[in-house]
Amino acid sequence: MKVRHKKITYALFALASVIILLCKPLFLTPIYGAPPAQTVSFSVFAIDATQLIQQHWQDSFYAKITLTVGEDTMRIDGSEVAVQPAVVKSGELLLPVADIAVHIGGEVLICAETEEVSIIYDGIETALNAPAQFGRAPRLLAADALNAEIEIRQNTVTITNPYQTAQLIVRTDGSALNNTFGAAEYVRGENGLYLLQYASQRSAKAAEQLLSALTSVEYAVPNVVIAPPEQALNSTDENGTFFSLTDRWGSVRIGADEYKDFLRQNEKTDEILVAVVDTGIIENHPFFADRLRMDLAYNHFNGSTDVHDVTTGNAAFHGTHITGTIVDCTPDNVKIFPLKIFGSGTGTGLGANFAVRDAADRGAAAINISWGYPGVYYPPFHEAINYATAQGAVCIVAAGNENEDTQTEFGNASNAVVVAASDKQDNRASFSNFGNAVDIAAPGVLIQSTTSSGNFAYMSGTSMAAPHVTAAAAMLQVNQPLTPQEVKQTLKSATEGLGETWNKYTGAGVLDLRQLPLEDLEPPQPVKEEIPTAAISFTAELLTGLIVGGVYSFNNGAPVQAFNTAHPLSAEWFGTEISIVKLGNGDTTLDSDAQILDVPARPLAPQLSALHCTTPQNNNGAILGVTAAMEYRKSGEARWTQIRTGTLTELSDGTYYVRLSATPVSFTGETAEVIIEEFVHTDENGGEEDPDPEPDPDPEPEPEPVPEPEPEPEEEPDPEVDMPENNDPDPEPEEEPENDPDPEPEEEINPEEKPDPESGEGTDNNESNESNSENSNENSSADNNQNDSSNPNNGTPKPPPSPFLIAAIAAAVLAAIIFITLIINKKKRTSRKR
């Protein structure tokens, strides 16, 4: 008895385990669907996202690769590696794809028989089909094999890949994201912020396009890999290691010593915090004694407190060198704390966002940012700049070292102070970026500062120019409280220009604090914002040309923030004039004068008519009066189709919408509705009847049954009407259910709902039911589609069955089995006792 009882118990436990395993997937949220509704604070989101980034981080990630045609080396984020030279053969540039793949985590396969080379990268194998070129490939094939963007300027090749992390940063309008389009993992923060992790780079890229098309998504961008900018080469006569600071020409040039003396004389000793968001710091360097706030230091690359500086590669001691310049140019009451965002030399865009926000939250009055996102507008970075500015921190960013225009770069943030590099002759450094985004210039060539423990060395770059301005910004706030915009305007007024008030190479000029009226320093007087120069994009129905991040008022309405240089046109503006004013901040800038912009009215609907279907053999129609300047769509379809030929024929019955197409100078027209009616037979009494679709291909047999009164019985035995089997002369209703996508018309649930065959309404009702059935099938098919990637505008995915309901059912079944088993055992024991 006991043995059998134990066997039954073990069997029940095994059955329970099977039920739990079968139900387990129902408790898991499908990752390809909608993330959970709950949100977390930004600080918790930063911790969770950092952990997710670290789980998928690879040391082979790179920010930029550059190589020169004909040279046997290439630079990966400034570090040189050996490669086969890129060559030109038969007028085509061939790149060393195999060598590049080895350095970025790819795999190279060589066929022993044919010597053909293939590349495996991001899980995709690409055959180069060029055995004679030893792993080289032309540009397009190389870009496909490496999943990279390749730019060629003269003899310089630049390779970037923003999708290496296979992660997307998504910001919605605050609503929940109903579809991640295949994300394998995700982290959700507050206010519609997400980090989505995908299985591959290509799947992340495809999802970005689908997410960006959703109206609720403000932006969807890859979590890019970033690195400190590559520094210019040091001159040979001044290169080396020094054990004391022997060359302070940058500090002298900006007048730092004079301003420090002014603060001491006026007993300006309040502590001011400066954050250096960079590669870390050599915290035990003697030059930093009593100047660091290591209690505020943090590593946003891996989520730790280890902020020791990078010591190898192009990024070696980058953060330490910057910190030394700030220490040299400021008094002792200016304290610095490091926030590390780079691992061995690279980091991520989202990690940088976390660090800039965290710097402001930790009380920094100035934040030094000597890195960026060359050539792109990156919304997460601008969000961080705007957040820090709102918290009272002024952000100083380096313009970059590519000798390029910064107009579309990260520095094009109106709240930041963008710094170009100047040399000892006050000229723009040859490597320094330039353009309308540049606010000011500062010394950036051969700047001597701290590196490894106890040592000093020269470095050049806009990374070295930015800390001079950061130091000046900190001292301005030691002198008196200023807003970030006041600091920016004061810095721009503390310059010694080169004969002009502003130019695209040095901005307002080279920083010189001696130009400030130190005895009676007052905030600069506010100036008017420039008049907006907005234009109308008729095809997109947007106002374009607005300044990114600017605040505007339309027709004296409430302030509106402009994103991505555009703003949607409001419906009530059509056919009127609108007044566009760029709003000032009230302290240093005033509202601009208004730009008056005429907004044309939407063109009237076209005058159209329909040519209906005329015969059952030619069951189609046409819309008359259309032109090639119009577009149309059928009811139920989302896409508009251009009318190319000026005619619109061969249309099936249904409702159509036609409008004038948008042009560079005109909006889309109002919509005209046109209905195409299908051909309908009429009987002798004038009533409608459905044409028989089967005799259509053979019109000759039709005249024979015309005299017979059997067309009416053929109409009545509709497959949806329940007719006695012995009265059905036509076996076709038995065959139709096999082809009918909706079996519901065969099920007679409520006889009262049958159409009356004598009333003449049965045909119309059946047609309506068939139409509704088809629409229901289409909607059901769309809802059951687990992967909505084919339609980014689908609604909320159909929710899975409630896990609690399924668990309750499983528990009930298990309890019933146990109960029945116990009763059986009890009866057996009782019977045996008897």
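The values are calculated or read from the model by the stated rules, or taken from the named source; none is laboratory data. Model, not experiment: these values are computed from the prediction. Here the Cβ is made from the backbone with ideal geometry for all residues, glycine too, and neighbour counts use every protein chain on show. Remember, those area values only see protein heavy atoms, side chains included, never the ligands or the DNA or RNA. Shrake-Rupley method; radii C 1.70, N 1.55, O 1.52, S 1.80 Å.
Structural remarks
- The Cα atoms of region 178-320 give a gyration tensor whose axes a ≥ b ≥ c have a/c of 1.5 or more with a/b greater than b/c, which makes the shape prolate.
- Only protein atoms count toward the accessible area here, which uses a 1.4 Å probe; on region 92-223, the carbon and sulfur part of that area reaches 49 percent.
- Additional length obtainable on full extension of the chain from residue 539 to residue 627, 0.36 nm per residue less Cα span: 29.8 nm
- Largest to smallest accessible area among 814, 195 [probe 1.4 Å]: 814, 195
- Accessible area per residue for region 86-166, computed on protein heavy atoms with a 1.4 Å probe, is 50 Å².
- Between the amide H of residue 565 and those of 548, 549, distances stay under 5 Å, these residues lying 5 or more places away or on another chain, with hydrogens modeled in the peptide plane.
- Computed from the Cβ-Cβ distance with R0 of 51 Å, the FRET efficiency linking residue 190 to residue 612 stands at 0.35.
- Full extension of the chain segment joining residue 818 with residue 680 gains 43.1 nm, where the gain is 0.36 nm per residue of separation less the Cα-Cα distance.
- Across region 528-541, computed HN-Hα scalar couplings (Karplus, 6.51 cos²θ - 1.76 cosθ + 1.60, θ = phi - 60°) run 6, 5, 5, 5, x, 10, 6, 10, 9, 9, 5, 6, 9, 6 Hz from first to last residue, x flagging Gly and Pro.
- Carbon and sulfur %, accessible surface of region 523-591 computed with the full protein complex present, 1.4 Å: 55
- Solvent exposure of region 514-586, expressed per residue, is 55 Å² of accessible area, with all protein chains present and a 1.4 angstrom probe.
- Residues residue 436 and residue 257, FRET efficiency given R0 of 25 Å [Cβ-Cβ distance, rounded to 0.05]: 0.15
- Built amide H within the under 5 Å cut-off of residue 219, gap 5+: 171
- Cβ-defined net charge surrounding residue 317, 14 Å radius [Lys, Arg +1; Asp, Glu -1]: -2
- Rounded accessible area per residue of region 323-427, 1.4 Å, Å²: 23
- Greater than 29 Å apart at Cα, pairs in 64/89; 64/504; 424/528; 89/205; 488/582: 424/528; 89/205
- Cut-off under 5 Å, modelled amide H: who pairs with residue 193 long-range: 172
- Rounded if a/c under 1.5, otherwise prolate or oblate - region 150-236, Cα gyration tensor axes: prolate
- Region 58-153: C-alpha gyration tensor shape, a/c 1.5 cut-off, then a/b vs b/c: oblate
- Our coupling estimate for region 466-475, obtained by passing each phi through the Karplus curve with A = 6.51, B = -1.76, C = 1.60 and θ = phi - 60°, is 4, x, 4, 6, 4, 4, 5, 4, 5, 5 Hz, Gly and Pro reported as x.
- Extension gain, residue 41-residue 270: 0.36 nm per intervening residue step, less the Cα-Cα distance, totals 79.2 nm.
- Packing-based ranking, highest mean first, of 479-488, 553-562, 376-385 given that Cβ atoms within 10 Å are counted: 376-385, 479-488, 553-562
- Taking the accessible area of region 334-426, probe 1.4 Å, and keeping the other protein chains in place, the carbon and sulfur fraction comes to 43%.
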